[in-house]
């Protein structure tokens, strides 16, 4: 499935550069959020690409965005605050293009921003957080109305906290699932194929 460059308006000041993958009959739609822009993060990232490939393999539409101030997106970096508005606007835009189940998928900084915005995303049916960066702060509680959450992390994540993530997922009960990549780090220098397959399985189960 080919992906096309699109522009998503957030407000009068901010528009987002994005990449849309849209199958003929999508089973759902995934909004994919990139790692920290002050450390080189953008939608042109190996984990972001793996998540987009997973969406495609599951028959889902995908929208990878550049947060405000990144690449061709206007505006400026807002320390994860204005970026939540980016998520809400992009999710609404994507839902119009591909009605059906909507999932938020974020890597590192993207997972933290997505988690903070989740309660305000209409129609959210699930989420996938890859390497949540506890070095930047705790994940807020996941709203039960937003469906199941899959967390994927490396065993030796330099910016994560596996014990805290484990407790977080366990507290969710049946809604939460944690997959730990043995020997993995924050940057996914290996293990992308397993990450992608776990995401495919998760989306396939949600699209039924």
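The values are calculated or read from the model by the stated rules, or taken from the named source; none is laboratory data. Keep in mind it's a predicted model, so treat the numbers as computed, not measured. Here Cβ is always computed from backbone atoms with ideal geometry, including for glycine, and neighbour counts include all displayed protein chains.
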Exercise. Kindly indicate whether residue 34 is crowded, with 24+ Cβ neighbours inside 10 Å, more than 17 Å from residue 142 (Cα to Cα), in contact with a helix residue (DSSP H, G or I) (Cβ under 6 Å, 6 or more places away or on another chain) and modelled with pLDDT of 95 or more.
Key: yes
Quiz item: Which residues, taken from the stretch 12-41, are closer than 14 Å to residue 188 by Cβ and in contact with a strand residue (DSSP E or B) (Cβ under 6 Å, 6 or more places away or on another chain)?
Solution: 35
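For every residue, the table says whether it meets (1) more than 23 Å from residue 123 (Cβ to Cβ); (2) in contact (Cβ under 8 Å) with a residue 60 or more places away in the chain.
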residue	(1), (2)
16	no, yes
20	no, yes
23	no, no
32	no, yes
40	yes, no
51	no, yes
56	no, no
62	no, no
74	yes, yes
Self-check item: Spans of helices (runs of 4 or more DSSP H) in the stretch 90-208 with at least 3 residues modelled with pLDDT of 95 or more, on the phi < 0 side of the Ramachandran plot and buried (at least 23 other Cβ atoms within 10 Å of the Cβ)
Solution: 109-117, 192-206
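Let's see how each residue does on (1) more than 15 Å from residue 108 (Cα to Cα); (2) surrounded by fewer than 19 Cβ atoms within 10 Å (Cβ to Cβ); (3) at pLDDT 95 or above; (4) touching a strand residue (DSSP E or B) at 6+ places or on another chain (Cβ under 9 Å):
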{"position": "43", "(1), (2), (3), (4)": "no, no, yes, yes"}
{"position": "61", "(1), (2), (3), (4)": "yes, no, yes, yes"}
{"position": "78", "(1), (2), (3), (4)": "yes, yes, yes, no"}
{"position": "81", "(1), (2), (3), (4)": "yes, yes, yes, no"}
{"position": "86", "(1), (2), (3), (4)": "yes, no, yes, yes"}
